[in-house]
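The values are calculated or read from the model by the stated rules, or taken from the named source; none is laboratory data. The structure displayed is predicted, hence computed values, not measured ones. Methodologically, a virtual Cβ is constructed for each residue, glycine included, from the backbone with ideal geometry; neighbour enumeration extends over all protein chains shown. Quick note on the areas: whole protein, heavy atoms, side chains included, nothing else; ligands and nucleic acids left out. Shrake-Rupley method; radii C 1.70, N 1.55, O 1.52, S 1.80 Å.
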Amino acid sequence: MSQGKIVKVSGPLVVASGMEDADMYDVVRVGDDGLIGEIIEMRGDMASIQVYEDTAGIGPGAPVITTGAPLSVELGPGLIETMYDGIQRPLVGMYEAVGSNITRGINVPSLDREKKWRFVPAVQVGEEVEAGDIIGTVRETVVVEQKIMVPYGVKGTVTEISGGNFTVDETVCRLQLEDGSEKELSLMQKWPVRRGRPYKEKLVPEMPLITGQRVIDTLFPIAKGGVAAVPGPFGSGKTVVQHQLAKWADADIVVYIGCGERGNEMTDVLMEFPELTDPRSGESLMKRTVLIANTSDMPVAAREASIYTGITIAEYFRDMGYSVAIMADSTSRWAEALREMSGRLEEMPGEEGYPAYLSSRLAQFYERAGRVISLGKEGRPGALSAIGAVSPPGGDTSEPVSQATLRIVKVFWALDASLAYKRHFPAINWLNSHSLYVDRLTKWYEENVSRDFPALRLETVRLLQEEAELQEIVQLVGVDALSAEDRVKLEACKSIREDYLHQNAFHEVDTYTSMNKQFKLLKLILGYYHLAKDAIGKGADFNSLISLPIREKIGRFKYIEEKDIDRSYDEILGQLRKDVATLVSEGAEDDD
């Protein structure tokens, strides 16, 4: 450990001299209170330190002590159901230590050192193990079984292993390494947050992350191991979209990062998640969730670390073979922390004052997502899907954070304030959003949903684009100037928007739609469109076609429970064909 002295304090930035023995990204203790900081720039023996706590009252001459280690997270049993701050200090642990008035410089271990966990060995004495191999399991919650893995860079022969109840820092296994030395393994390992955890192989994303949200799964799907951004102005429903994905997405573990959000929004998460029932297990959603809270009243510098803390925890569960979804809400606040520190360092600013390296930092975060084969003799496939909310000021997505994110992510769900004001949720604008995974996922949809599904999706997108063009004509000359065929198209698109893309997150049936139900509902809506278009060509009356009572049943199909879908679909389709055929025959009689 080396000790230096503060020569300058500028908000969360502290400059110290006499730090020639320190390295970049080392964690340091600043001042007499021992505030946690991280070295972000070295010039000779001068170190610029980003301090993750309030620096009020600290001045030149105060000591700075380096720990000689980078900012790291503790990984092991006890992560699930815990709420951390941006640098992985447990908020409940800090409250128990000092009460509600959390003081500076508090040092609470990230994982509980007192609690004992039941360890079940998975290897025997004499077995050879290497990094990534599972030496045993711990049942962390009723939903999550944590797999205890050999740490990175370790390879040897098991000389001793025992089951039973252990704390996270007690030895559960001893290895004899290849050089003859002995290595003790506990339930816990540490990992530096700014380094991605290694893996054996990265896989091509070939299957969708099913979310149960129709506008996402049908029009703009995200692959398992994919990356998506949800940009939108205040009040457009970013948080509701992320809550829906956290609850319903096809992921085993959820890591939710509240990065710079208002305290009341994180309070909502804290209050709601324990109350939400996990549809997979019937237990509380918190039984498979890790929360990282870094609210807007906490020191701005800690936002920068919170993103890395969250994704490192997510990578740890990915390495166990789980499908993990990470929600970052919001990366705009994180970018503001970068801008603040860049300004304090007096770096050359980029657009709107953001640092020139904004894009590369965002890319470093998102590129840690993906489907991988983990390390170990029997590599496990795991997936890490990253969904970042972006909060552009005034909803202007031409600002630097939105644009930098748009260049990196493969899925862009553009939330629209005008849709939100019309109470159309999820308020994802179908004309401005896109997914670059569609072509790659087509084969999965053909094999697991229906061979017709990709074609239905393409037709839906085409119809919605044509509707936008027709609406411009309607605003100029009125709806009566359109042909009957175009008016049928508008009616079909209205049904797509109101019956299909609109989804009630608070309705017990409509909140989640299976892929089979999505396919059947879309087929009914487009089936009506094709039958009505043919009927118009055969002389059927337009007004009679659009006022058919069966259309109400098509619209209410989304409220039908899963077990009744196939029967209801056949009934509605049969009735639809019958009613349209009747109108066609009546039209033919009138012509006679």
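Out of all the residues in the range 316-337, is one or more out of contact with any strand residue (DSSP E or B) (no Cβ under 8 Å at 6 or more places or on another chain) and among the aromatic types (Phe, Trp, Tyr)? Quick ask: steps written out before the conclusion?
The initial filter retains those residues of the range 316-337 that are out of contact with any strand residue (DSSP E or B) (no Cβ under 8 Å at 6 or more places or on another chain), namely 335-337.
Imposing the further condition that a residue be among the aromatic types (Phe, Trp, Tyr) reduces the set to none.
Within the range 316-337, not a single residue is out of contact with any strand residue (DSSP E or B) (no Cβ under 8 Å at 6 or more places or on another chain) and among the aromatic types (Phe, Trp, Tyr).
Scan VAL120, VAL138, VAL142, VAL108 and give me the residue that is modelled with pLDDT of 95 or more and either surrounded by fewer than 19 Cβ atoms within 10 Å (Cβ to Cβ) or in a loop (DSSP other than H, G, I, E, B) (or both). Steps first, please.
Numbers: VAL138 fails: either surrounded by fewer than 19 Cβ atoms within 10 Å (Cβ to Cβ) or in a loop (DSSP other than H, G, I, E, B) (or both); VAL142 fails: modelled with pLDDT of 95 or more; VAL108 fails: modelled with pLDDT of 95 or more.
Exactly one residue qualifies, and that residue is VAL120.
HIS424 is checked against (1) open to solvent by less than 10 Å² (accessible area, probe 1.4 Å); (2) touching a residue at least 60 places away in the same chain (Cβ under 8 Å) and fails just one. What number does that condition carry?
(1) is the only condition that HIS424 fails.
Given GLU346, GLU340, which one is free of Cβ contacts under 8 Å to residues at least 12 places away in the same chain, under 23 Å from PRO299 (Cα atoms), among the charged types (D, E, K, R) and open to solvent by 10 Å² or more (accessible area, probe 1.4 Å)? Full working, then the answer.
Details: GLU340 fails: free of Cβ contacts under 8 Å to residues at least 12 places away in the same chain.
On inspection, the qualifying residue turns out to be GLU346.
Could you tell me how many of the residues in the range 126-146 are touching a residue at least 24 places away in the same chain (Cβ under 8 Å) and more than 19 Å from SER110 (Cβ to Cβ)?
Qualifying residue count for the region: 13.
Got a number for residues in the range 149-183 being in a loop (DSSP other than H, G, I, E, B) and without any contact (Cβ under 8 Å) to a residue 24 or more places away in the chain? Write out each step before concluding.
Initial filter on the range 149-183 (in a loop (DSSP other than H, G, I, E, B)): 150-154, 162-163, 167-170, 178-181.
Filter again for without any contact (Cβ under 8 Å) to a residue 24 or more places away in the chain, leaving 153, 170, 178-181.
Residues in the range 149-183 being in a loop (DSSP other than H, G, I, E, B) and without any contact (Cβ under 8 Å) to a residue 24 or more places away in the chain: 6 in total.
What is the residue count in the range 277-303 for residues that are within 19 Å of the chain's Cα centre (by Cα), part of a loop (DSSP other than H, G, I, E, B) and in contact (Cβ under 8 Å) with a residue 40 or more places away in the chain?
3
Got a sec? Which of GLU41, GLU53 is surrounded by 22 or more Cβ atoms within 10 Å (Cβ to Cβ) and either within 29 Å of the chain's Cα centre (by Cα) or touching a residue at least 40 places away in the same chain (Cβ under 8 Å) (or both)? Spell out how you get there, then give the answer.
On the way: GLU41 fails: surrounded by 22 or more Cβ atoms within 10 Å (Cβ to Cβ).
That would be GLU53, the only listed residue that is surrounded by 22 or more Cβ atoms within 10 Å (Cβ to Cβ) and either within 29 Å of the chain's Cα centre (by Cα) or touching a residue at least 40 places away in the same chain (Cβ under 8 Å) (or both).
Could you list, in sequence order, the residues of the range 509-523 that are over 23 Å from the mean Cα position of the chain (by Cα) and surrounded by fewer than 16 Cβ atoms within 10 Å (Cβ to Cβ)?
First, pick out the residues of the range 509-523 that are over 23 Å from the mean Cα position of the chain (by Cα): 509, 516-517, 519-523.
Those that are over 23 Å from the mean Cα position of the chain (by Cα) and surrounded by fewer than 16 Cβ atoms within 10 Å (Cβ to Cβ): VAL509, ASN516.
Scan the range 3-30 and report the pairs whose first residue is closer than 14 Å to GLY59 by Cβ and whose second residue is acidic (Asp, Glu) and surrounded by 21 or more Cβ atoms within 10 Å (Cβ to Cβ), with Cβ atoms within less than 9 Å and a gap of 6+ or a chain change.
Sorted first by the residue in the range 3-30, then by its partner, the pairs are VAL30/GLU53.
Restricting attention to the range 356-384, which residues are outside any loop (DSSP other than H, G, I, E, B), open to solvent by 10 Å² or more (accessible area, probe 1.4 Å) and either in contact with an Asp or Glu (Cβ under 7 Å, 6 or more places away or on another chain) or touching a residue at least 60 places away in the same chain (Cβ under 8 Å) (or both)?
Listed by number, the residues that qualify are ARG371, ILE373, PRO381.
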